[in-house]
Amino acid sequence: MGILVLLRKIKSCSHHHHHHHLLFFAFLFLHTTVAVKMSSTLDYTSYREVSSLRLERIQRHLDKINKPPLLTIQSPDGDIIDCVHKRKQPALDHPLLKNHKIQKVAPKVPKGMKVKKEGTAMEGVVSGGAWQMWHHNGTRCPKGTVPIRRSTVHDVLRAKSLYEFGKKKRSMAMSLSRRRSDAPDVVSGNGHEHAIAYTGSSQEVYGAKATINVWDPSIQVVNEFSLSQIWVLSGSFDGSDLNSIEAGWQVSPELYGDSRPRLFTYWTSDSYQATGCYNLLCSGFVQTNSRIAIGAAISPISSIDSNQYDITILIWKDPKVGNWWMSFGDSTLVGYWPAELFTHLAQHATMVEWGGEVVNTRATGQHTSTQMGSGHFAEDGFGKASYFRNLEIVDTDNSLSSVHEISTLAENTNCYDIKSSYSDDWGTYFYYGGPGNNPQCP
Ligand SMILES: *[C@@H]1O[C@H](CO)[C@@H](O)[C@H](O)[C@H]1NC(C)=O
């Protein structure tokens, strides 16, 4: 396996004519505000209606969330990674974390966590091989700092509003609640479609783990996305108090301005309403790792009938201190969600979900051709379909164990589907995904 990573051409989901607007408005901005530097990166937003007042508001917000860096690293994919002093990171701006001391003692890792082993039985699989594009710069963040992907004016302008920047849409929670109700109609009207596996509800769960292979599903429309993740949930799906901790990879042109798969985290303590956000785009998640940037592109990625690259994510509650930690790969700590942020999850989770989600913005007419996973259906299996393997949960005793009873759900199996199974090597695993629009999913 070469270390060289081929830079993929960014699949343009954009409309090329926007470049003309970009040039024109770059000129305009120079005369209205000096705070905005226009970049030449591929952009997805028409700038027609951006006033200098709005730009100033956006800039004020960015000044709040982009912390002054000790060092800045330019990633080959265009990202700017700021190395920010640990104690200056956005998390600590959260009102609930005013007196929070960054956890210094290592969390108690779950029993049964496997030590790194070289290679796997499966030919072609490079376990934990997927890594981040910005590492190819060669520069590292200094000790005592954490790498944070800098947000730009473009990032905010692609969002519906400044308020919605970095947030998940409310409809997500509705899709969850409808899915869980006994209503015969489980097809969500809001366009969120899933292919997921989940544990039975009302269990006491203290964490979840999985190894997920990484792809670059194509996204048809800028404000659609495709993600593959773990959900750790507690609270009621029908109320407004659902607590959720989420992590995985996602392709979101709206959030990142390109179509690369990126490592992401998400949290909410009120059913996706006012609290929480992706990555470090609001305060909350405390990062401790100086090598992993949340929101940064993963590279290399899997290709059809060739190398499969997967990432391993574990989210669990440190039984000693109570914070929810995330580790990446076999045992690399990334950071944690402080217990203070949550209500129900301050105790434990009651359900775990693993799988894919896409947004179909087409309310009527043709189904979107935004892909889930690799764009292949589960039936296509290893080398073609995307997978989650070695599904595990953490129990009351802080022990990792293979999940034995899972249910699966896909709203429309003609568009995206899921197929779970068990093997000695992969434990409980599933293949999932699909192409979206096709003759059976018109
Ligand atoms: C690495 O980042 C620095 C600082 O932003 C930049 O000057 C340099 O050109 C980058 N190097 C590479 C190889 O991208």
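What follows draws every value from the coordinates through simple rules; no lab data is involved. The structure displayed is predicted, hence computed values, not measured ones. Note: ideal-geometry Cβ built from the backbone for every residue, glycine included; neighbour counts use all protein chains shown.
Worth pointing out:
- Three semi-axes of the equivalent ellipsoid, segment 80-433, Cα gyration tensor, whole Å, largest first: 27, 23, 22
- Gyration tensor (Cα) of segment 68-116, equivalent ellipsoid semi-axes in angstrom: 27, 22, 9
- Dipole orientation for segment 80-433: of the candidates 366, 230, 97, 97 has the Cα lying most toward the positive pole (charges on Cβ; Lys, Arg +1; Asp, Glu -1).
- DSSP-defined beta bridges in segment 80-433 - what % are antiparallel, rounded to 5: 95 percent
- Every Cα-Cα pair in segment 355-430 was counted, and those over 14 Å apart are 67% of them.
- In this simple spin-label approximation, residue 223 and residue 105 carry label points 7 Å from Cα along the Cα→Cβ vector, and these lie 4.8 nm apart.
- Which listed pairs, of 101/143; 64/101; 67/104; 104/160; 86/108, have C-alpha distances above 30 Å, in listed order: 104/160
- Based on C-alpha pairs under 8 angstrom that are at least 6 apart in sequence, segment 80-433 has a relative contact order of 26 percent.
- Environment charge at residue 230 (Cβ cut-off 11 Å; Lys +1, Arg +1, Asp -1, Glu -1): -2
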